[in-house]
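**Q** The structure is given below, and queries will be raised subsequently.
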Amino acid sequence: MTYRELLARLTDLRALAQRAMPGERSGCMSSYDRASRFDEAAGTYVNWDANADGSGCIRTLEDGSIVAFEQEGPGVIWRIWSALPQQGHMRVYIDGAEVPAIDMPFIDWFEKQPGDIPPLNLSELSMRLSRGRNSFIPVPFQKNCRVEFAPDWGAYYHFTYTLFDSDTVMPAYQERFTNDGMIALAEVDRLLYDRGEVCRAGERIAEASVSPGETAQLFALSGSGLIEELALCSTGADVSRLLLRMYWDGCERPAVEAPLGEFFGGAPGYARYRCLPMSMERAQYACRFAMPYASGCRVEIANLGDEPQTVRMQFSVDTAFVPDENTLRFHAKYHRGYFGNLDSTRFAPGGDRWPDWPLLRVAGAAGRFVGVHLHILDTWRTPEEKPQSWWYGAWDKKTVDWWWGEGDEKFFVDGETFPSTFGTGSEDYIGYAWAAEPPFARFDSPYACLNAMPIDGCGHTAVSRFHVADSIPFTDGFEGFIEKYKGDVWDGENACLYAAVPYWYQQAGTDDAYPPVQREALLPDD
């Protein structure tokens, strides 16, 4: 794998539709609270809601440094995130070297070129998202990689990574600093800046009118091919009550079923953002995830509302694309917390799996998890007590404990009993930090967005996180959860409701277990 081929994975959406190569697996090592553990003898989880997530580590060294990341290669760290990077050094040892390939204040990793004075100038690869620091500059390694933090490094970290088959030859990290490497990084940064601005061949238009309670076919394609982009043209349709269904290869059940607004990342309707795989802008809502099919596809619109609606879609198709046995099919399903055959009592307060809330469950099939849109309706009555500071007060002096998140993401791959991805908080998973406390900055970036949130926080919130280079492959199943501490009803009359649209690829000819979407499952508009 050349350095340019490694960087290409940061923008290659078609690669997500391919089954993982043998030995390929992904995960995230973070500072989650190590009090959370699995008791193998009892088969239960202990302290599963532990929330001291700032300084957890693999081990502590004699000089007070900690080991934050350690893996055998070949592999690559795709993403480094922190809520509070400070001056303590990050030391990265690659392939058994005694001298670290990276040795710099942790904060400088996000702000400076290693060994250079000027600030880092790759705004789409290293960005601050509402107080969260993110870097998508890859750190490849061949034999092994260990990351240490010296004292005073800060608090909270994520290292998202992929490991490859032992025969894979990785480029050297130092190729980043060659002329060609720097040019390649700059080119990728520009591609990410221009996300969505792609001229595609074979663009077509489809339009359908659909009455209340009815379903209309928007378009159907025969033969094999790949939908490169599916875009909803702005027509004034009520996207919160129109259901998108997509069928591949003559399957009877849809692989995609979600309200149009939720599918494209809104909450519940328009909420502007622009990410690499998805965007929502006034002229057009677009999905750029590759959607292959071998023997035709069908796209339908169902009207769950009370008024007739007209939908107009623009889509582009690569009719020369022919899928093979390793080509997966795109899936997306709206749900309000589908537990399926799980023992729900274990996930209720007092159960050993509380407060896990299911994002995606796939069983008995290979695929890739590539992202999720999460819509939160968080509402509360205004407290009579006057706050001591702006808004509802700060930290433990709040007049209302409004925050909906703080839930760690936990991803179990191929039957793991302990998740290979264990995060530190809902906002951290998306890429921001500190609960978006005032001033509640909205943001978008190539791989994540917070595109809807009221000024006072009371109402609809929309967040999305997309996994491209750091997609999570699985061979026999995937279970993704995020912690939900607040009940649907809290403190008497307040509400905290979640709805999710996970995006994933799944083995052709296999079905997912999600039931049809019903009107009563939709979150209210207000």
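Just so it is clear, none of the values below were taken in a lab; they were calculated from the coordinates. What you see is a predicted model; the values in this text were computed from it and never measured. Methodologically, a virtual Cβ is constructed for each residue, glycine included, from the backbone with ideal geometry; neighbour enumeration extends over all protein chains shown.
**Q** Need the C-alpha centroid separation for segment 286-345 versus segment 74-142, integer Å.
**A** Distance between centres, Cα-based: 37 Å.
**Q** Need one number: % antiparallel among DSSP beta bridges in the chain, to the nearest 5. Don't jump to the answer; show the numbers that get you there.
**A** Working: 140 of 143 bridges.
That works out to approximately 100 percent antiparallel.
**Q** Points 7 angstrom from Cα along the Cβ direction at Thr215 and Asp525: gap in nanometres?
**A** Modelled inter-label distance: 2.5 nm.
**Q** Would you please give the FRET efficiency between Asn341 and Tyr193, computed as 1/(1 + (r/R0)^6) with r the Cβ-Cβ distance and R0 = 41 Å, to the nearest 0.05? Mind showing how you got there, number by number?
**A** Working: r = 45 Å, r/R0 = 1.09.
Computed FRET efficiency for Asn341 and Tyr193 comes out at 0.40.
**Q** Ok, one more. Which value, to two decimals, describes the C-alpha radius of gyration of the chain once divided by 2.2 N^0.38 Å?
**A** So the Cα radius of gyration is 0.96 times the expected 2.2 N^0.38 Å.
**Q** Let me ask something else about it. Could you work out the helix-only [θ] at 222 nm for the chain, with each DSSP H run of four or more residues adding -39,500 (n - 2.57) and the total divided by the number of residues, to the nearest 500 deg cm²/dmol? Spell out each step's value before the answer.
**A** Details: 5 runs with 34 residues, N = 526.
Result for the chain: -1500 deg cm²/dmol, rounded to the nearest 500.
**Q** Kindly state, to the nearest 0.05, the FRET efficiency for Gln86 paired with Ala41, given R0 = 41 Å and r defined as their beta-carbon distance.
**A** Values: r = 40 Å, r/R0 = 0.97.
Approximately 0.55, to the nearest 0.05.
**Q** A further question follows. So what's the gap between the Cα centers of segment 20-64 and segment 402-469, to the nearest angstrom?
**A** 19 Å
**Q** A further question follows. Could you order peptides 365-376, 301-312, 94-105, 406-417 by the average number of other Cβ atoms within 10 Å of their residues, highest first? Write out the running numbers ahead of the final one.
**A** Numbers: 365-376: 24.5, 301-312: 17.5, 94-105: 14.8, 406-417: 19.9.
Per-residue mean Cβ counts within 10 Å order the peptides as 365-376, 406-417, 301-312, 94-105.
**Q** Per-residue counts of other Cβ atoms within 10 Å, averaged by peptide: what ranking do you get for 317-324, 26-33, highest first?
**A** Details: 317-324: 15.4, 26-33: 23.9.
Peptide ranking by packing, descending: 26-33, 317-324.
**Q** Here is a follow-up. Counting alpha carbon pairs within less than 8 Å and at least 6 residues apart, what relative contact order, in whole percent, applies to the chain? Can you show the working numbers first?
**A** Details: 1357 pairs, mean separation 101.7, N = 526.
Computed over the chain, the figure is 19 percent.
**Q** To continue, here is another question. Given the peptides 114-126, 277-289, arrange them by the average over their residues of other C-beta atoms within 10 Å, most packed first.
**A** Numbers: 114-126: 13.8, 277-289: 20.0.
Answer by packing, highest mean first, reads 277-289, 114-126.
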